[in-house]
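One structure is given below, represented as structure tokens, and several questions about it will come after.
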Amino acid sequence: MNIQARHEGGVTIIEPKGKITIGVGDVALREAVAEALEAGARSILLNLSKTTTIDSSGIGEMVSAYTTVTQRGGMLKLCSLPNRVSDILQITQLISVFEVFDSEAEAIESF
Amino acid sequence: MSDVDREAPKVRIAIGSRYDHIDLIALVVDDALTRLGLDEDARHWVGIALREAVANAIKHGNQQDPEKKVEVELAVDADQAVIRVCDHGEGFDLETVEDPLAPENLLKPSGRGIFYMKSFMDAIEYTPRPEGGTIVTLRKRLSGKRDTPDQAEDH
């Protein structure tokens, strides 16, 4: 798993590739979001198009990221969810917590 | 005779309690389930349930003590894949687990693992081991149409 961060239209886009699972990807995601906040980002987009597997720890990190960013007056949104990521968010009713967009362009436009 | 290998041998694997061993277990079990004829989508969800069970065994059971083993076994019982995950911890009471869908729990960072196991498997059970520790048993039908998470009954 690796995570790339880039910037477009004032939005920090974090793009995890591979697995967001316990002890590996979840930590990397936490660090990527913390780093973005540290750098002053308040509009953060998680592009999950290249996420292959996510477990409850990965979901937990996304929820933590959402609450942390919101508490700091920012916004964290999601885009480009693979079906399996969407399914796992759906069954724990988190799909309604996050603002989710089909494409990165739509998501950037929404901030 | 189908090409599905119903006589696949049991898988038995033991790891030290480290998260970076979970991928290995997932890989070995996925390979065995492939030989048992489970389709890729079903294997993905069984794999998530297995990851949750092993992660719980490492974290809550063995308290991340790398000297304590987590043992995983895959067997076939009638038309079901039966996966057992054993730890050497203090035991566990399923009744104490909170509902992750309750509004007050929705934004908690943890507490969804068992819910996912129940959602993705046909059955799960927790059994105390006489010598200490817990066995989690995960069951999945090998035939018939599987439910996608969207179609699964509420648990």
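Any read-out appearing in this document is the output of simple, stated calculations on the displayed coordinates, not a laboratory observation. This is a predicted model, so every value here is computed, not measured. Note: ideal-geometry Cβ built from the backbone for every residue, glycine included; neighbour counts use all protein chains shown.
Provide a single number: the residues in the range B:94-134 that are in a helix (DSSP H, G or I), more than 14 Å from chain A (Cβ to nearest Cβ) and either touching a residue at least 60 places away in the same chain (Cβ under 8 Å) or crowded, with 20+ Cβ neighbours inside 10 Å (or both).
0
Restricted to the range A:86-107, and to residues that are part of a helix (DSSP H, G or I) and either among the hydrophobic types (A, V, I, L, M, F, W, C) or touching a residue at least 40 places away in the same chain (Cβ under 8 Å) (or both), which residue is surrounded by the fewest Cβ atoms within 10 Å (Cβ to Cβ)?
For the range A:86-107, the residue satisfying everything is A:Ala105.
Go over the candidates B:Ile48, B:Ile58 one by one and state the one that is surrounded by 17 or more Cβ atoms within 10 Å (Cβ to Cβ) and within 14 Å of B:Lys140 (Cβ to Cβ).
None of the others qualify; the one that does is B:Ile48.
Yes or no, residue by residue, for (1) on the phi < 0 side of the Ramachandran plot; (2) within 14 Å of another protein chain (Cβ to nearest Cβ); (3) surrounded by 15 or more Cβ atoms within 10 Å (Cβ to Cβ); (4) more than 10 Å from the chain's Cα centre (by Cα):
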position: A:Asn2; (1), (2), (3), (4): yes, no, no, yes
position: A:Ala5; (1), (2), (3), (4): yes, no, yes, yes
position: A:Glu15; (1), (2), (3), (4): yes, no, yes, no
position: A:Ala28; (1), (2), (3), (4): yes, yes, yes, yes
position: A:Ile44; (1), (2), (3), (4): yes, no, yes, no
position: A:Ser57; (1), (2), (3), (4): yes, yes, yes, yes
position: A:Met62; (1), (2), (3), (4): yes, yes, yes, no
position: A:Met75; (1), (2), (3), (4): yes, no, yes, yes
position: A:Arg84; (1), (2), (3), (4): yes, yes, yes, yes
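What's the total number of residues in the range A:70-97 that are closer than 16 Å to B:Pro100 by Cα and in contact with a helix residue (DSSP H, G or I) (Cβ under 8 Å, 6 or more places away or on another chain)?
7
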